[in-house]
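Asks: I have a structure here, written as structure tokens, and I will follow up with some questions on it.
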Amino acid sequence: KSIANILETHSDGKIVLSKEGVEQLEKTQLQPYTWRLLDSKYSELEQNLVDIRKEYKLQPHREYDQFFATPASSVNKYHILKSKGLIEGKNIMLLGDDDLVSVVLALDEAKYSQITVLDIDNKILSTIENIFEQKGFKALKTGIYDARNPLKNEYFGRYDVVLIDPPYTSSGVKLFLNRAIQMLKKDETFEGKYVLLNYGNSFKSPEKTLKIQEIIGFFGLVIEDKINNYVQY
């Protein structure tokens, strides 16, 4: 159908779908996203994270730029990965995991191939290791790592998806994105490799988001989804 057939101009100058355009849209049977944030069926996972944080007395360290996300937010990250088919059979890297997303993956018995967690905070790593051992979860690899240092060869080009939650500055995003790209496998199919990037700024300074978009474009990446307000701290 030509654009002229599915659009029409109102007297006030607004361009809208014509009746034929609406009919064509209905025929496509477009569906909303399968994921819905803060889904009630994940309340048990959220409660498990609450209990884990209490048991291990985890506290954020400001020297590491840590701000713990709410349990619901950690589950949201998992939920998005699951809905996009980025878990089953995948090698997953979490470059920093103070939100314990790796634990959510294991608690919901996700059928990942391997989870690797690199973090500068040994307390976070030991907590994750203990949880995996106690509950009999498998396929976990951890390591102390400061993203400002060069990446070890064993982490280059090995992962299908990388999760990053860098400092919310241009330099922080650029550094973590660079590391994430180094970690991703070469895309030899049309399946694609993914980076889940968390970033936020004050509503008073939306122009900062444009700088982040420039950085993403600089690395030759495409933004598939931009999801607002799905992480809270």
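Asks: Taking N as the number of residues in the chain, what value does Rg over Cα atoms divided by 2.2 N^0.38 Å take? Don't jump to the answer; show the numbers that get you there.
Replies: On the way: Rg = 20.5 Å, N = 233, 2.2 N^0.38 = 17.5 Å.
Cα Rg divided by the expected 2.2 N^0.38 Å: 1.17.
Asks: Right, next: What Rg and what Dmax come out for the stretch 171-233 when only alpha-carbon atoms are used, in angstroms?
Replies: Reported Rg and Dmax, both Å: 13.0, 42.
Asks: Please compute the length gained on full extension between residue 222 and residue 171, using 0.36 nm multiplied by the number of residues separating them and subtracting their Cα-Cα distance. Don't jump to the answer; show the numbers that get you there.
Replies: Working: separation 51, 0.36 × 51 = 18.36 nm, distance 1.93 nm.
Stretched out fully, the residue 222 to residue 171 stretch lengthens by 16.4 nm.
Asks: OK, next. Using helices alone, what [θ] at 222 nm do you get for the chain, with -39,500 (n - 2.57) per DSSP H run of 4 or more residues, divided over all residues and rounded to the nearest 500?
Replies: On the way: 8 runs with 88 residues, N = 233.
The per-residue figure over the chain is -11500 deg cm²/dmol.
Asks: Working from Cα positions, state the angle (0 to 90°, nearest 10) between the long axis of helix 207-218 and the longest principal axis of the chain.
Replies: That works out to roughly 80 degrees.
Asks: Further, regarding this structure: Please list, in order along the stretch 178-183, the HN-Hα scalar couplings obtained from phi with the Karplus expression 6.51 cos²θ - 1.76 cosθ + 1.60 (θ = phi - 60°), rounded to whole Hz, x for Gly and Pro.
Replies: Using θ = phi - 60°, the values come out as 4, 5, 4, 5, 4, 7 Hz.
Asks: Excluding residues fewer than 8 places away in the same chain, name every one of the lysines whose C-alpha is closer than 19 Å to that of residue 208.
Replies: Counting by Cα, and skipping residues close in sequence, residue 208 has these lysines nearby: 174, 226.
Asks: Residue 139 label point, 7 Å along Cα→Cβ, cut-off 19 Å on backbone N: hits in the stretch 66-85?
Replies: Correct set: 78-85.
Asks: Which values, in whole Å and largest first, are the semi-axes of the equivalent ellipsoid of the stretch 111-233 obtained as the square root of 5 times each eigenvalue of the Cα gyration tensor?
Replies: The answer is 26, 19, 15 Å, longest axis first.
Asks: Next question, about the same structure. Rolling a 1.4 angstrom probe over the protein heavy atoms, how many square angstrom per residue are accessible across the chain?
Replies: 60
Asks: Report the calculated FRET efficiency for residue 65 and residue 207 (r = Cβ-Cβ distance, R0 = 35 Å), to the nearest 0.05.
Replies: Efficiency at R0 = 35 Å is approximately 0.95.
Asks: Order the following by accessible area, largest value first: 175, 49. Probe radius 1.4 Å; ligands, DNA and RNA are ignored.
Replies: I get 175, 49, largest accessible area first.
Asks: Something else: Helix 19-28 sits at what angle to the longest principal axis of the chain, using alpha carbons and giving 0 to 90 degrees rounded to 10?
Replies: Compared with the principal axis, the helix lies near 40 degrees.
Asks: Determine which lysines satisfy two conditions relative to residue 123: a Cα distance under 21 Å, and not lying fewer than 8 residues away in the same chain.
Replies: 54, 57, 135, 138, 141
Asks: Using a 1.4 Å probe over the heavy atoms of the protein chains, calculate the carbon and sulfur portion of the accessible area of the stretch 77-233 as a whole percent.
Replies: C and S fraction of accessible area: 49 percent.
Asks: Pull up all non-local amide H partners of residue 142: gap of 5 or more, or a different chain, and H-to-H distance under 5 Å with H placed in the peptide plane.
Replies: 117
Asks: Here is a follow-up. Give the residue list of GluC sites (Glu not before Pro) in the stretch 154-196 that are DSSP loop and have at most 11 other beta-carbon atoms within 10 angstrom.
Replies: Qualifying residues, ordered by number: 188, 191.
Asks: Next question. Regarding the stretch 124-186, what's the average projected area of the Cα-atom convex hull, expressed in nm²?
Replies: It is 5.0 nm².
Asks: Shifting gears a bit: Once you've got the Cα coordinates, tell me which of 77/152; 14/204; 19/211; 19/193 are over 32 Å apart.
Replies: Working: 77/152 26 Å; 14/204 29 Å; 19/211 40 Å; 19/193 39 Å.
Over 32 Å apart, Cα to Cα: 19/211; 19/193.
Asks: How big is the shadow of the Cα convex hull of the stretch 46-177, averaged over all directions, in nm²?
Replies: On the way: hull surface 31.1 nm².
Mean projected area for the stretch 46-177: 7.8 nm², to one decimal.
Asks: Now a separate question. Tell me which chymotrypsin sites (Phe, Trp or Tyr not before Pro) from the stretch 110-172 have a DSSP coil assignment and no more than 16 other beta carbons within 10 Å of their own.
Replies: Passing both the DSSP loop test and the Cβ count: 156, 168.
Asks: Sum up the charges of everything whose Cβ sits under 12 Å from the Cβ of residue 71, counting Lys and Arg as +1 and Asp and Glu as -1, but leave residue 71 out.
Replies: Around residue 71, the charge tally is -1.
Asks: To the nearest 10 degrees, how steep is helix 43-56 against the longest Cα principal axis of the chain, on a 0 to 90 scale?
Replies: With both axes taken from Cα atoms, the answer is about 30 degrees.
Asks: Moving on to the next point. Filter the GluC sites (Glu not before Pro) in the stretch 61-116 to those in DSSP coil with at most 13 other Cβ atoms within 10 Å of their Cβ, and list the result.
Replies: 88, 109
Asks: Please figure out what share of the DSSP beta bridges in the chain is antiparallel and state it in percent, rounded to the nearest 5.
Replies: Restricted to the chain, the bridges split so that about 15 percent are antiparallel.
Asks: What is the distance in Å between the Cα centroid of the stretch 161-197 and that of the stretch 218-232?
Replies: Here the two parts' Cα centres lie 11 Å apart.
The values are calculated or read from the model by the stated rules, or taken from the named source; none is laboratory data. The model shown is predicted, which means the values in this text are computed figures rather than measured ones. Every residue, glycine among them, receives a Cβ derived from its backbone with ideal geometry; neighbour counts consider all protein chains shown. Please note that ligands, DNA and RNA were not included when accessible areas were found on the heavy atoms of the full protein model with its side chains. Shrake-Rupley method; radii C 1.70, N 1.55, O 1.52, S 1.80 Å.
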